[in-house]
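Q: Take this structure first; my questions come after.
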Amino acid sequence: MSSSRNAVQSVTEFDLARYLGLWFEIGRLPLRFEDDGARDVTAHYSLNDDGTVRVDNRCIDASGDAVQAEGKAEADPDHAGRLRVTFLPAALQWIPFTEADYWVLRIDSNYQHALVGTPDNKHLWLLSREPSMPAELEQSFLSTARMQGYNLDHWIRPEQSGSTVEIA
């Protein structure tokens, strides 16, 4: 749990248009809806006609099956770098309290590497435009996570082949 001295903070400047596109997952904290052994994990963000963001997450699960999770995100107009994301089917997205906070905690000036987490310190992702990132840079981003109260004892680094997962 975080204290007031290491409370989670989103970035103060964020350009959603530059954030859109393909990201490779370099690492994450364990998720109940993603196998610890998942590989080739990617997230692709694109703009919908209504201004919301389409979220397309893909991976190869521990059984070797291609898996896709599609969601929708909305930017928080009052806080840069904060999105509300839901992965419920479109017909159920009207149900209240089914969205999750998705905060960009750090992003480099070229929008090539991003650290994203939830304000409760439970979920965290390190993303890169490339399937790998320099170890020193990765450690710098993870240091930011630790300073914001994230426990990285169970950090997962998925295997990345550099290819994207095709869904049949």
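Computed from the coordinates by the stated procedures, all read-outs in this text should not be read as laboratory data. Model, not experiment: these values are computed from the prediction. We place every Cβ from the backbone using ideal geometry, glycine too, and count neighbours over all the protein chains shown.
Q: Those residues that are under 26 Å from residue 154 (Cβ atoms), buried (at least 16 other Cβ atoms within 10 Å of the Cβ) and hydrophobic (A, V, I, L, M, F, W, C), I need them from the stretch 23-59; list them, please.
A: 23, 24, 26, 29, 38, 41, 43, 55, 59
Q: Additional query: Of all residues in the stretch 103-131, which are in a loop (DSSP other than H, G, I, E, B) and of a type in the set (Ser, Thr, Tyr)?
A: Result: 109, 111, 118.
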